[in-house]
Amino acid sequence: MADEKRLSVKEFPRRERPRERLFEEGVGSLSDAEVLALLLCTGNAHRGETVLDLARRVLNYLSQKSEGDTVLRALADTTAEQLREIPGIGMAKSATMVAAVELGRRVSSDRPRLASVKGPEDVASLLVEQMRYLDREQLRAVLLNTKNQVLGIEVVSIGSINSSVVHPREIFRVSIKRNAAAVVLAHNHPSGDPTPSPEDIQVTKRVLRAGGMLGIDVLDHLIIGDDCYISLRQQGVDWNIDWQ
């Protein structure tokens with residue numbers, strides 16, 4: 001790694017800059033120190049520290065006072081006044097860290113109770129009323145955790161559902177982003193008739209194969225009509241994964 005004592009973060013190789021890596025690889029690729037560095041913004045010129053140096057020193061301070069907790073748990077229990085005891089941490093930086101922790105708490109407490117699905121009828125109850133009147137085909141992915149609780153419902157594509165438009169990577173990109181263990185697909189037929197087309201079957205089989213390779217279970221594919229739906233699993237498409 002570059003000599004961080006003499007280089008500013010802007011002079012680091014691009015792959016070592018936290019902000020650029022966040023956009024190119026996702027925030028999950030960053031270490032705790034890199035995430036903290038993004039909050040702190042600047043280092044300590046008096047010590048000749050980059051912002052990454054400062055972030056690591058803050059984490060070291062928290063490690064020493066953690067008393068058996070994790071470092072991040074220690075940060076959650078540290079006041080702004082205590083953080084200001086760290087050389088180089090003033091009012092602005094301490095307030096930013098405390099505010100970030102509080103925002104995380106509020107996001108967590110605001111999270112709705114996750115709905116649980118045990119079969120296609122549960123998924124249909126979530127989607128039929130939303131999708132029955134759409135005037136264009138829309139493919140959605142219902143993302144599930146290991147307990148088949150709904151993590152979210154993502155729109156994957158809008159337009160004709162066929163293999164040239166819908167690629168498994170679009171479905172599994174959102175699944176991986178949300179750390180989903182399983183997914184149920186659903187799309188509507190604007191005609192109101194949920195009878196599956198050959199393209200529906202083809203796309204489903206491609207997604208099933210891709211899910212098997214990625215370790216993400218594809219539990220079903222629902223086709224939604226006017227106040228009705230069809231489960232491709234129940235229609236005889238070869239499924240080797242059971243609802244749990």
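Every read-out reported here was derived from the displayed coordinates using simple, explicitly stated rules and does not represent laboratory data. What you see is a predicted model; the values in this text were computed from it and never measured. In this analysis, Cβ positions are derived from the backbone assuming ideal geometry, glycine residues included, and neighbour counts consider all displayed protein chains.
Here are the numbers:
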quantity	calculated
Proxy reagent accessibility, fewest Cβ within 10 Å first, across SER191, SER94	SER191, SER94
Cα-only radius of gyration and Dmax that characterise the range 120-231, units Å	12.7, 35
Computed FRET value (nearest 0.05) for ASP32 with ALA80, which takes r as the C-beta separation and R₀ as 25 Å	0.85
Electrostatic dipole magnitude of the range 9-109 [Cβ: Lys, Arg +1; Asp, Glu -1; Cα centre; debye, to 20]	200
Hz values of 3J(HN,Hα) by residue in the range 46-62 - Karplus curve (6.51, -1.76, 1.60), Gly and Pro given as x	5, 9, x, 9, 6, 5, 5, 4, 4, 4, 5, 5, 4, 5, 5, 4, 5
